[in-house]
Amino acid sequence: AAGVIQSPRHLIKEKRETATLKCYPIPRHDTVYWYQQGPGQDPQFLISFYEKMQSDKGSIPDRFSAQQFSDYHSELNMSSLELGDSALYFCASSLMAEETQYFGPGTRLLVL
Amino acid sequence: AQKITQTQPGMFVQEKEAVTLDCTYDTSDPSYGLFWYKQPSSGEMIFLIYQGSYDQQNATEGRYSLNFQKARKSANLVISASQLGDSAMYFCAMREGPNTNAGKSTFGDGTTLTVKP
């Protein structure tokens with residue numbers, strides 16, 4: 001079965017640079033969620049989209065923005081990167097009327 | 001207040017034995033979902049099992065079962081016949097709200113399970 005696809009899988013950036021993470025949800029899924037997992041921590045919710053509209057917002061820094069496109073894929077844009085942004089970034093998707101969120105493999109971002 | 005509490009930072013179990021990973025939750029919403037995810041050292045987050053707050057029976061998925069005690073607000077994961085490949089971090093998570101698509105998941109701190117040969 002098709003799963004959530006994230007790209008790139010690994011990314012190395014320097015401080016103050018920008019990064020764009022991409023997420024392709026499971027086909028027919030209409031909701032996308034972004035989570036950030038720091039080293040040794042649990043995932044923290046950043047933002048979610050339903051039918052291309054932002055549906056909820058968590059602890060997402062102002063330096064970050066995200067959107068969901070007409071094909072339901074989503075991009076997380078991160079600017080002015082800081083060392084503390086180094087983390088594993090997960091995208092998850094779900095289908096309306098279903099409870100379970102399915103996670104992608106994550107993008108491991110390292111900021112030097 | 002912590003919404004999801006996993007009190008066991010680490011657990012050990014002998015191969016082929018059963019193990020219970022604890023999870024308690026806190027919510028005032030009558031409708032919620034509880035999940036367990038497995039995160040191996042490779043980092044991916046693998047969905048294991050789901051329990052809805054209105055489900056009458058405990059969820060089961062193969063070797064995984066969820067011991068749901070609503071009055072105690074606990075949702076412990078039971079893994080039967082442990083295998084070496086079960087060694088991983090296990091997260092308990094909750095989604096609140098009546099089937100809302102905006103329902104973000106809140107995670108516990110996780111339990112590291114080590115299966116001994």
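Every number in this text was worked out from the coordinates using simple rules, so none of it is lab data. Because the structure is predicted, anything quoted here is derived from the model rather than measured. No Cβ is skipped: glycine too gets one built from the backbone with ideal geometry, and neighbour counts run over all protein chains shown.
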- [ ] Return the total of residues in segment B:21-55 being in a strand (DSSP E or B), over 9 Å from the mean Cα position of the chain (by Cα) and over 27 Å from A:ARG9 (Cα atoms).
- [x] 6
TODO: May I ask you to list the residues in segment A:98-112 that are part of a loop (DSSP other than H, G, I, E, B), within 14 Å of another protein chain (Cβ to nearest Cβ) and on the phi < 0 side of the Ramachandran plot?
DONE: A:GLU98, A:GLU99, A:THR100, A:GLN101, A:GLY104, A:PRO105
Task: Filtered residues of segment B:56-86 (kept if touching a residue at least 40 places away in the same chain (Cβ under 8 Å) and part of a loop (DSSP other than H, G, I, E, B)) - done: B:ARG72, B:LYS73, B:SER80, B:ALA81, B:SER82, B:GLN83
Open item on the list: Can you tell me how many residues within segment A:70-97 are more than 8 Å from every other protein chain (Cβ to nearest Cβ), on the phi > 0 side of the Ramachandran plot and surrounded by fewer than 17 Cβ atoms within 10 Å (Cβ to Cβ)?
Closed with: 1
Task: Tally of residues being farther than 22 Å from A:ILE5 by Cα and in contact with a strand residue (DSSP E or B) (Cβ under 7 Å, 6 or more places away or on another chain) across segment A:59-85 - done: 5
TODO: Scan the strands (runs of 3 or more DSSP E) fully inside segment A:20-97 and keep the ones with 2 or more residues being out of contact with any helix residue (DSSP H, G or I) (no Cβ under 7 Å at 6 or more places or on another chain) and either hydroxyl-bearing (Ser, Thr, Tyr) or in contact (Cβ under 8 Å) with a residue 24 or more places away in the chain (or both).
DONE: A:31-37, A:44-50, A:64-68, A:74-78, A:87-94
Open item on the list: Quick check on A:GLN54: is it more than 8 Å from chain B (Cβ to nearest Cβ) and surrounded by 15 or more Cβ atoms within 10 Å (Cβ to Cβ)?
Closed with: no
Open item on the list: Name the residue that is nearest to the other protein chains (Cβ to nearest Cβ), counting only residues in segment A:15-29 that are in contact with a strand residue (DSSP E or B) (Cβ under 7 Å, 6 or more places away or on another chain) and either at positive phi or surrounded by fewer than 17 Cβ atoms within 10 Å (Cβ to Cβ) (or both).
Closed with: A:LYS22
